[in-house]
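Asker: Below are the structure tokens for one structure; questions will follow.
Read-outs throughout are calculated quantities, based only on the coordinates presented, and are distinct from any laboratory measurement. Just so you know, these numbers come straight off a predicted model, no measurement behind them. FYI the Cβ positions are ideal-geometry reconstructions off the backbone, even for glycines, and counts take in every protein chain you see.
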Amino acid sequence: MSGSGLHEDNAGVESYVRLQALAMHLKAHGYAVEGVAGGLVVRNASRAGCCDAQKAAGDTIACRPHDGDGGRYWFFTSWRQPIAESDRITDALVMIKGYLGAPD
């Protein structure tokens, strides 16, 4: 395996581990969470979604290096907006509650 391929594998594992840590906290706060390829689908069933196709408020959170922060891992919204540095789970939770609302 080339050095580049190994780096990509490590980056995938790093993102997965950080997303799983966030998922545990989100579940503890009442969000529905599902791991998908490349991210974490987070839903707040107590808040209406945007349209008929999206019944509950939700987003797909990704974790990847932030180009503007020296390559540190950050959580990002599905529209590529930074949420919080990935080792700041509480900050990420507060930001996600801010735009998806707090579950009942």
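Asker: Which ³J(HN,Hα) values, rounded to whole Hz and listed in residue order, are derived for the stretch 64-79 from phi using the Karplus coefficients 6.51, -1.76 and 1.60 in 6.51 cos²θ - 1.76 cosθ + 1.60 with θ = phi - 60°, glycine and proline given as x?
Answerer: Once rounded to whole Hz, the list reads 7, x, 9, 4, x, 10, x, x, 5, 6, 10, 8, 10, 6, 5, 9.
Asker: Measure nothing but the geometry: give the 0 to 90° angle between the long axis through the Cα atoms of 89-100 and the longest principal axis through the Cα atoms of the chain, rounded to 10°.
Answerer: Helix 89-100 sits roughly 40 degrees off the main axis of the chain.
Asker: Taking H placed 1.01 Å from N in the peptide plane, check which residues at least 5 places from Ala57 or on another chain put their amide H under 5 Å from its amide H.
Answerer: Residues meeting the amide H criterion: Asn44, Arg47, Ala48, Gly49.
Asker: Another question, then. Can you pull a Stokes-Einstein diffusion coefficient for the stretch 5-104 at 10 °C (1.306 mPa s), Rh from Kirkwood over Cα pairs, as a whole number of µm²/s?
Answerer: Numbers: Rh = 13.7 Å.
Once the numbers are plugged in, D ends up at 116 µm²/s.
Asker: For a footprinting-style exposure proxy, rank Asp69, Asp91 by other Cβ within 10 Å, fewest first. Display every interim value, and only then the final one.
Answerer: On the way: Asp69 11, Asp91 14.
Lowest count first: Asp69, Asp91.
Asker: How large is the charge dipole for the chain, taken about the Cα centre, if only the Cβ atoms of Lys, Arg (+1) and Asp, Glu (-1) carry charge, to the nearest 20 debye?
Answerer: On the way: 10 positive and 12 negative charges, 65 e Å.
Using only the charged Cβ atoms, the result is roughly 320 debye.
Asker: Using a 7 Å offset from the Cα along the Cα-to-Cβ direction at both Val41 and Tyr99, what is the distance between the two label points in nm, to one decimal?
Answerer: 1.8 nm
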